[in-house]
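Here's the structure we're looking at; comments come further down.
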Amino acid sequence: MKLLLVSTYKRICGIADYTENLRLALLENNIETVDVFSIDVDLLKKSSLKEALHYFSSLYKQCEQYDYVHIQHETSFFAYKSTVESSLEVFSTILNNLNNVVNLKKIIVTFHSPTPITKHIPYIPLSLNPINLFNKIKRVFESPILKKSLSIISQKDSKILIIVHNEFTKTEYSNNAQIDESRIKVINLGISKKNKQNNFNNDLKNKLKKFTENSKILTIQGFINGFKGHLIAIKALTMLPAEYKLLILGGKHPQDYQSKEFNEVLELIPKLNLKDRVYITDLFEESDLSTYEDITDLFLLPYLNTFRSSSAAMASALNSGKLIIASSIDPFLEINQQFPCLKLVSPNCPAELAFRIEQLLSPENELERQTLHQNIDFFINENSYVNIAKKHIETYRS
């Protein structure tokens, strides 16, 4: 089998990391060839439509050498302008051209986040006034570009299969986009089994000593984004004893030039007198993650209901050996039905979050903590990248 992955690659990007881990696991499962067509998103953002389409023209020629092409999709990867419409326009053209490459047996698309074809639009700013918001959404759904994307995937002779990360998203694609369920496969995000050696950065530990000493550290991993519930966690902190502190790993995304959510976080912290109890990192080295995990007592995923996909931050937190409190939203509810490895709380409820944090860390709840740890181990083993790669190979060959 000769496979070409299409993705961002070797850059600061969760999907780029996912692609490399999947590539290595596929090779470990004895796939003959696994190469990567690297998407230069920075170049595309500066391009016209003509230039963006030309950029991907080399992909079609390259695909003639492969049996399968597997695209890792995120709306921003294909947008020559920062709009949903421009991404759809480029992506539908790519699908159409790939579908006409004779040698290709299948085209697989992993949708890492919901897209407009599911009639769920997380990309249009909700700060718009209601009339402008309605008009923007209406324009996307009435767009012939959207209809073209759907027809390419749905046509009977299409080679295209879709991978999503949970059953909830599969239902959205099946019901709202009217794509046949047989074309949609569910495969969880993979987890890299870490070497549990204590490779800690002592200089970093010393730097954080004043913040961590005699404290219980709650950690949110991932760049600050509106749906991740950073503001909820900060509000919860005001309802917890002073030894509880919040560590925010990642800070502002390096490509986030508007920084609205980041600014809201910075404004709220002094307003609630929490300057000494919240620590925000900048972008950090991957090698320092084990140090941050070591000082963490509990990971938080207080995501809002607008979140509809799977979470790389959750996968990383599970693999840290620490427990997690997460919002009871559909993607996390689904995980807990299979592997009850998350302590769930109602979304957007800081008081409940604070209550559950103290409850889970209290000495009398040792049995619950042990049970959660056991279930985390089951989840990690089931969803290791080697096992996830096997499921991908079954999909390629189906």
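Read the figures in this text as sums done on the coordinates, not as results from a lab. Nothing here was measured: the structure is a model prediction, and the numbers come from that model. Glycine also receives a Cβ, built like all others from the backbone with ideal geometry; neighbour counts cover every protein chain displayed.
Descriptive notes on the structure:
- Cα-based shape type of the stretch 202-382, given that a ≥ b ≥ c are square roots of the gyration tensor eigenvalues and the cut on a/c is 1.5: rounded
- Rounded to the nearest Hz, the phi-derived 3J(HN,Hα) couplings of the stretch 318-333 under the Karplus curve 6.51 cos²θ - 1.76 cosθ + 1.60 (θ = phi - 60°) are 4, 7, 7, x, 9, 7, 9, 10, 10, 6, 7, 9, 3, x, 7, 4, where x marks glycine and proline.
- Relative contact order computed over the stretch 222-288 (Cα-Cα under 8 Å; 6+ residues apart), in percent: 42
- Legend: distances between Cα atoms for Lys170/Lys216; Lys235/Lys322; Lys10/Lys210; Lys81/Lys207; pairs beyond 30 Å are Lys170/Lys216; Lys10/Lys210; Lys81/Lys207.
- Cα gyration tensor category, rounded, prolate or oblate, for the stretch 30-85 with a/c compared to 1.5: prolate
- Estimated from the Cβ-Cβ distance and a Förster radius of 25 angstrom, the FRET efficiency linking Lys46 and Asn263 is about 0.45.
- Applying both filters, DSSP loop and at most 13 other Cβ atoms within 10 Å, to the GluC sites (Glu not before Pro) of the stretch 234-324 gives Glu243, Glu285.
- In the stretch 25-56, the trypsin sites (Lys or Arg not before Pro) that fall in loop regions by DSSP, at most 15 other Cβ within 10 Å: Lys46
- Inter-centroid distance (Cα atoms) of the stretch 226-282 relative to the stretch 66-96, Å: 33
- Förster-model FRET efficiency, 25 Å R0, Arg183 and Tyr60, C-beta, rounded to 0.05: 0.70
- Shown is the FRET efficiency for Gln338 and Glu286, computed with R0 = 41 Å from the Cβ-Cβ distance and rounded to the nearest 0.05: 0.90.
- Amide H contacts of Lys185 (H built 1.01 Å from N, under 5 Å, at least 5 apart or other chain): Ile162, Ile163, Val164
- In sequence order, calculated HN-Hα J values of the stretch 355-364 (Karplus, 6.51, -1.76, 1.60; Hz; x Gly/Pro): 4, 5, 4, 4, 4, 5, 8, 6, x, 6
- Taking amide H positions as modeled 1.01 Å from N, with prolines and chain starts lacking one, no residue 5 or more places away or on another chain lies under 5 Å from Thr83.
- Taking other residues whose beta carbon is less than 14 angstrom from the beta carbon of Gln359, and scoring Lys, Arg as +1 and Asp, Glu as -1, yields -2.
- Under 12 Å from the Cα of Lys245 - aspartates and glutamates, other chains or at least 8 residues apart: Glu213, Asp276, Asp297
- For Phe37, the residues 5 or more places off, or on other chains, whose built amide H falls under 5 Å of its own are Leu5, Val6, Ser7.
- Vicinal HN-Hα couplings computed from phi for the stretch 234-241 (Karplus, 6.51 cos²θ - 1.76 cosθ + 1.60; Hz; Gly/Pro x): 5, 5, 4, 4, 5, 9, 10, x
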